[in-house]
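Please treat every number below as a calculation from the coordinates, not as lab data. Computed from a prediction, not measured in an experiment: that's the story for all the values here. Cβ atoms come from the backbone with ideal geometry, glycine included; neighbour counts cover every protein chain shown.
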Amino acid sequence: MTVAIYPGSFDPLHNGHLDVIERAAAIFDRVIVAVFANASKRPLFDAPVRVDMVRESTADWSNVAVEEGQGLLVNYARNKGATVIIRGLRAVLDFDYEFQFALMNKKMAPDIETIFMLTGETHAYLSSTLIKELASYHADVRSLVPEPVNQRLVQYFGRNE
């Protein structure tokens, strides 16, 4: 059984993330979506809320589990029996950033492969930062995020216009 980890801050989860999760679930026996804290970012939602949003949004995929990630990614992956780390890419800028992490992870854990998955072209422009900014102006983001996320954004920022 091949276990893959899809790590991220998912603050918030958007349809580009879901695209990667759905395609990973079709390839791997088990996909663990690991919601990590990102030390360089100040999250809008705390980790338990992000876990809940991702869990609610991925409930239809029986081979997808969602949990809060802790510690160093390669150690977390080993503890979960994962041999693959999935990273979603939108553009060349993402690759440059992700490539450095993939090489460092390979140095620390040669037995774990990093696989880059391109986000579908219909979602390539999405970012969590963009979603948060739009929602802060009460923009309607329902077509960009799953419904559980939209509900939390409306609760946080107020009603979509």
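At a Förster distance of 30 Å, what's the computed FRET efficiency of residue 101 paired with residue 65, Cβ-Cβ distance as r, to 0.05?
0.85
Any idea how far apart residue 56 and residue 78 come out in nm if each label point goes 7 Å out from Cα toward Cβ?
3.7 nm
Please compute the length gained on full extension between residue 118 and residue 2, using 0.36 nm multiplied by the number of residues separating them and subtracting their Cα-Cα distance.
Length difference between fully extended and current span is 39.7 nm.
Give me the lysines in straight-line cross-link reach of residue 106: C-alpha distance below 21 Å, same-chain residues under 8 apart excluded.
The qualifying lysines are 80.
List the chymotrypsin sites (Phe, Trp or Tyr not before Pro) within segment 127-157 that fall in a DSSP loop (any state other than H, G, I, E or B) and whose Cβ has at most 13 other Cβ atoms within 10 Å.
137
Classify segment 3-120 as rounded, prolate or oblate from the Cα gyration tensor: take a ≥ b ≥ c as the square roots of its eigenvalues, call it rounded if a/c is under 1.5, otherwise prolate when a/b beats b/c and oblate if not.
Rounded.
How would you classify segment 27-72 from its alpha-carbon gyration tensor, with a ≥ b ≥ c the square roots of the eigenvalues: rounded for a/c under 1.5, else prolate if a/b is greater than b/c, otherwise oblate?
Cα axes put segment 27-72 in the oblate bin.
What is the spin-label model distance, in nm, from residue 91 to residue 37 if the labels are put 7 Å beyond Cα along the C-beta direction?
Going by the 7 Å Cα→Cβ label model, 3.0 nm.
Could you give the distance between the Cα centres of segment 1-36 and segment 111-150, to the whole Å?
What the calculation gives is 13 Å, centre to centre.
For the peptides 23-36, 116-129, what is the packing order when you average, over each peptide's residues, the other Cβ atoms within 10 Å and list the highest mean first?
Values: 23-36: 19.9, 116-129: 15.1.
Top of the packing list down: 23-36, 116-129.
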